[in-house]
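All remarks here apply to the structure that follows.
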Amino acid sequence: MKKDIRDISQEDLEKFFSENNLQKFRLKQLQEWLWKKGANSFKEMSSLSKDLRSLLDKTFEIKSANIDQEFKSQDGTIKYSFKLHDDKLIEGVIIPSKKRVTACISSQIGCSLACTFCATGTLKLSRNLTHGEIFDQVFKLNQESEKNYGRSLTNIVFMGMGEPLLNYNALLKAIHNITSTTGMAISPRRITVSTAGLSKQIMKLADDEVKFNLAISLHSAEDEIRSELMPLNDSINLSTLKESIRYFYEKTNNRVTYEYILFKGINDDLDSARKLAAFCRISPCKVNLIEYNTIDGLDFQKSSQENTEGFIEFLEHRNIIVHLRRSKGKDIAAACGQLVNKLQ
């Protein structure tokens, strides 16, 4: 059975080239085709000899993620389904604004965390994505951004399907090739990884001295409510999460962002705002308040405008940086929490 060439280590590739009496610069050309030009077949690699392409094709394969369908929203957002080598599907989104084009990237097929408000949480986890499949989403959505909006991606958020930190190694490998000068050369400061709050992995990110941004899906600063929204909180409670956030900031000096969906009658009153403000004292931070997007079969409702404005005002009076994130792509089920992959 052929191995995916993108999963072969540098050492093993060098050994393969040496054993086949191939010049070293050919390996550099190969890697440029894979990570700078995003090639998904050996036939595309026109600077390599026909014999070398044939040898590579007989020995290896490239398990790529390819765009299957696209869905365009009235607000300019475009959602894409990607078909993988095993015919499974994932979804990615590009979201335009005046100054930015943001790509929302998936890290797993489905999700195991079962957050009660999230459509993706209704799916079972099928498998992790490979680092090549994660990379393909970014590369191809960048091409789609240039085609549709006339500009490259400015920001990448790992807020699509799955929990990124449960696919830790593949995530970091993909980000390496996205940020490397031998790959897409996108600044890590333009990348945000969102987690439901896996404390051990957050501390590992700190130890690995990552340069990208970290966002934490908080949604409540009260254990009882957060456990109802996010079953993960039963095993990793807010006290444990606090310790990992302190550690992350001490090691990286990077400001964490808290994501907080406002649910009517659950976490949108001033008492909830007070508890969130107290939680924010752990370290310098930002708060992204998110409008809830209605999901078929789930009973949650969007907070009222009055409660939303009162919540923002309360936090701002306590010198907390707050941003209300307006949802885009709701008409094509591409907004936050809506990636359920109905085509699957």
Exercise for the section: Select from segment 1-32 the residues that are free of Cβ contacts under 8 Å to residues at least 24 places away in the same chain, open to solvent by 30 Å² or more (accessible area, probe 1.4 Å) and of a type in the set (A, V, I, L, M, F, W, C) and list them in ascending order. Expected result: 1, 25
Handout entry: Qualifying residues in segment 120-148 (those that are of a type in the set (Ser, Thr, Tyr) and in contact with a Gly (Cβ under 8 Å, 6 or more places away or on another chain)) - the one surrounded by the most Cβ atoms within 10 Å (Cβ to Cβ)
Key = 120
Handout entry: Failed item, numbered, when residue 280 is tested on (1) out of contact with any helix residue (DSSP H, G or I) (no Cβ under 6 Å at 6 or more places or on another chain); (2) at pLDDT 95 or above; (3) surrounded by fewer than 16 Cβ atoms within 10 Å (Cβ to Cβ)
Key = (3)
Problem - Selection from segment 194-226 of residues that are surrounded by fewer than 17 Cβ atoms within 10 Å (Cβ to Cβ) and either of a type in the set (Ser, Thr, Tyr) or touching a residue at least 60 places away in the same chain (Cβ under 8 Å) (or both) - result: none
Fill in the blank from the handout: Selection from segment 268-288 of residues part of a helix (DSSP H, G or I) and basic (Lys, Arg) yields 274, 275, 281
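Give segment 223-237 a look and list any residue that's touching a Leu at 6+ places or on another chain (Cβ under 9 Å) and either farther than 16 Å from residue 115 by Cα or polar (S, T, N, Q) (or both), or say none.
Hit for segment 223-237 is 233, nothing else.
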Problem - Checking residue 152 against (1) assigned to a helix (DSSP H, G or I); (2) under 24 Å from residue 32 (Cα atoms), the condition it does not meet - result: (1)
Handout entry: Residue list for segment 243-267, restricted to those being surrounded by 17 or more Cβ atoms within 10 Å (Cβ to Cβ), part of a helix (DSSP H, G or I) and not polar (S, T, N, Q)
Key = 245, 247, 248, 249
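Being assigned to a helix (DSSP H, G or I) and closer than 11 Å to residue 62 by Cα is the filter here; which residues of segment 3-17 pass it?
The answer is 5, 6, 7.
Is it fair to say residue 117 is open to solvent by 10 Å² or more (accessible area, probe 1.4 Å) and in a strand (DSSP E or B)? Give the derivation first.
Values: open to solvent by 10 Å² or more (accessible area, probe 1.4 Å): yes; in a strand (DSSP E or B): no.
Here the answer is no, as residue 117 does not meet what is asked.
The values are calculated or read from the model by the stated rules, or taken from the named source; none is laboratory data. Owing to the predicted nature of the structure, the values given are computational and were not obtained by experimental measurement. Cβ atoms come from the backbone with ideal geometry, glycine included; neighbour counts cover every protein chain shown. Only protein heavy atoms, including side chains, enter the accessible area calculation; ligands, DNA and RNA are left aside. Shrake-Rupley method; radii C 1.70, N 1.55, O 1.52, S 1.80 Å.
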